[in-house]
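The values are calculated or read from the model by the stated rules, or taken from the named source; none is laboratory data. The model shown is predicted, which means the values in this text are computed figures rather than measured ones. When we count neighbours, we look across all protein chains shown, and the Cβ atoms used for this are built from the backbone with ideal geometry, even at glycine. What goes into the accessible areas is simple: the full protein's heavy atoms, side chains included, and nothing from ligands, DNA or RNA. Shrake-Rupley method; radii C 1.70, N 1.55, O 1.52, S 1.80 Å.
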Amino acid sequence: MERLKGQGTTSIQELADHLGVSVMTVHRDLNRLAGTGHIHKRHGSVALASESAEVVKNPCAMCGKSVIGQKAFIVHLANGEQRNACCAHCGLMLYTQTKDAWQAMTTDFLHNHMISANQAIYLIECDLNVCCVPSVLSFGSKLEAEKFQTGFGGKLATMEKAIQYLLGKQHGQKY
Ligand SMILES: [Zn+2]
Ligand SMILES: [Zn+2]
């Protein structure tokens, strides 16, 4: 857990080397941690799950799911009101549909704090589906996003590219 807290993600092989135990032992212990919701485990990779998962009051303005702190995307309007989305997927769609959007904030998936949606790096369609499909995770650090991509796949995109991608998907399904 300490290692994950320092790095955000790691691989099972790396943990086995570091701890001087077999890969099977690491697998077994990680399964236990994954069962308690502390980590995400996928193929050979491990990522830290966020500890605090506070529920924001208003449900997602796009799909109605409850909004959990770890994944929340918030669009601030020019008049001071705000709209919440359950994840970056719904958040980016919400942002494009909100005419008087003033600022958008998304949650850094690894560190669980709000970052500017404009400056975030988005990982689209990785192997980890945390909320809406296609899954979109946001990261404050490009380096961490790339590390995460190494373990969980997917495509990295800027906000603009991520929106284009999601809009393209919608049209693809329609026609
Ligand atoms: Zn939603
Ligand atoms: Zn969602």
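In segment 116-175, the inverse of the mean reciprocal separation of distinct Cα atoms equals 11.7 Å; this is its Kirkwood hydrodynamic radius.
Estimated from helices alone, the mean residue ellipticity of the chain at 222 nm is -11000 deg cm²/dmol (sum of -39500 (n - 2.57) over DSSP H runs with n ≥ 4, per residue). If you take the Cα centroid of segment 75-128 and the Cα centroid of segment 134-151, the two points sit 15 Å apart. Would you please state the base-10 log of I(q)/I(0) at q = 0.18, 0.19 1/Å for the chain, with intensities from the Debye formula using one equal scatterer on every alpha carbon? Taking Cα atoms of the chain as identical point scatterers yields -1.11, -1.21. Summing charges over all other residues whose Cβ lies under 15 Å from the Cβ of Val21, with Lys and Arg as +1 and Asp and Glu as -1, gives 0.
Run the reach check for Lys169 against lysines, Cα to Cα strictly under 28 Å, same-chain hits fewer than 8 apart removed. What comes back? Here the lysines satisfying the reach criterion relative to Lys169 are Lys41, Lys65, Lys71, Lys99, Lys142, Lys147, Lys155, Lys161.
Summarised in one figure, the compactness ratio Rg/Rh of segment 1-87, Cα atoms and Kirkwood Rh, is 1.17. Annotation: per residue accessible area for the chain equals 53 Å², rounded to a whole number [probe 1.4 Å, protein chains only].
Residue by residue, segment 75-83 carries 3J(HN,Hα) couplings of 9, 8, 9, 4, 8, x, 6, 9, 10 Hz when phi is fed to the Karplus relation 6.51 cos²θ - 1.76 cosθ + 1.60 (θ = phi - 60°); x denotes Gly or Pro.
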